[in-house]
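Taken together, the values in this text are just the output of simple stated rules run on the coordinates, not laboratory data. The structure presented is a predicted model; accordingly, all values stated were derived computationally and were not measured.
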Amino acid sequence: MDIITLRKKIYDQTVNRDYPDKTSVTYTKKNTDLAKYYVTDKPEKLSFDDIKKYIHHQWKVAKKPANSINLMISAFKFFFNDLHRKNISFDLIEKPSKERRLVDPLTTKEIERLFEACNNLKIKSIIALVYGCGLEIGEVLGIKFSDINAKTNTITVTNQKKKITKELFIPASIIELLRKYYENFRPKTWLFEGREQYKQYRARTAYHMLTSVVEKSKIQKEVNFTIIKYAYVKHTEDLGIPLAVILNSIEIKDTRSYDFYNKMGIDSKEKVRISPYDRLFRKQTVTKKAIDEFWEILHPQIKILAQGKFNNKYYADSVETCLKELNTIVKKIVKNKSGKELDGANLMSNAFSPTNPIIELADLSTESGQNIQKGYLQIYSGAMTGIRNPKTHQNVEISRERAIHLLFLSSQLFYMLEDYKPI
């Protein structure tokens, strides 16, 4: 077998396995370079020592960069172990630590231009899942309909390369986009299928379509699915979500990745419940209709208690009514548990005491839990002293906007209490 035939064989095998074009070209070149170095048309006959010496020469003598060496090893793993069923322990070969090339991140304006350039619902939906959920292209193409839960706004994805399954937040706006996509394409099994039904969409085709979209958008930067995922991380952090929380949610936990994203600690089990995709298409001006819709995200009890008074412009009374009801609920719990008849700030101090709580809001065996208990004790007490009591004792009036802010505070206090005892 000559080098040209060898090159064609390797390239064809990567194509059959649906490797991206760039990977196919790289793997072909790395393996044919190895064959040329040893002047052989049968590189599969090379020994472990031969491979090791070649890698050492490229690293130490030819001074090839770390990324090139690591790509070389990946290419050799494919050729020797996958293609020729060898069992070479490439992990035993000394190699440089990975270097991650910093890229010029996409701005929200550039992401918007990318979507504007999409005239095909399939590629638009694929890009939306990468950017809106922080997914890799392989994860997107492995999604089935059963993986999406529109009721809980979650999507379950499996990364075959890393052998992990994770559940992520998917915004309602992307679910709506996927509904439109389904109406147009009617796939059978996989969310994204090619011309043949029941077969997964090919990564190679997705990359071709993305290249076409990037050209049409006229973005003068390198753009691929990985860079779009980087944009998800950066733009979600811009929304105020801590970087460690974002990376934890998409199952990126090693410190090198944290440092890498931090350039473009915190141990958190929180999950991201927001997506930069929503911000991208949200109007910047807040209309009266949008303001009035705030009732739908408040605790249901707040809406029942306050909406009538609020709509009639009794803004301070609408807030006072909520805090009075909150006081009544806590009072009943405390009386049933301790027999004490308390009220206001004194009631809250007894109910949420960090050392001897009647109502426990968090796990007090941990420092974080103790801080939560102490912090909410202060918030509950402060709400009684600084918000409810002044209105009760004198005719205090507040603006519509201030009332909305205080209703959100009241709503949060209702939700915290609900975790302890259903309201």
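Quick rundown of the values:
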{"item": "Tail beyond 23 Å, pair distance distribution of segment 25-159 (Cα, percent)", "result": "55"}
{"item": "Those aspartates and glutamates that a straight Cα-Cα span of less than 17 Å connects to Lys221, excepting residues fewer than 8 apart in one chain", "result": "Asp104, Glu110, Glu112, Glu116"}
{"item": "Alpha-carbon Rg/Rh ratio, for the chain, with Rh computed the Kirkwood way", "result": "1.11"}
{"item": "Sum of -39500 (n - 2.57) over DSSP H runs of 4+, divided by residues of the chain (222 nm, nearest 500)", "result": "-17000 deg cm²/dmol"}
{"item": "Expected-Rg normalisation [2.2 N^0.38 Å, Cα atoms] applied to segment 289-420", "result": "1.08"}
{"item": "Lysine pair count for segment 289-420 [Cα-Cα under 23 Å; pairs on different chains or 8 or more apart]", "result": "27"}
{"item": "All-pairs alpha carbon distance profile, segment 3-92, 5 Å steps from 0, percent", "result": "3, 14, 28, 27, 19, 9, 1"}
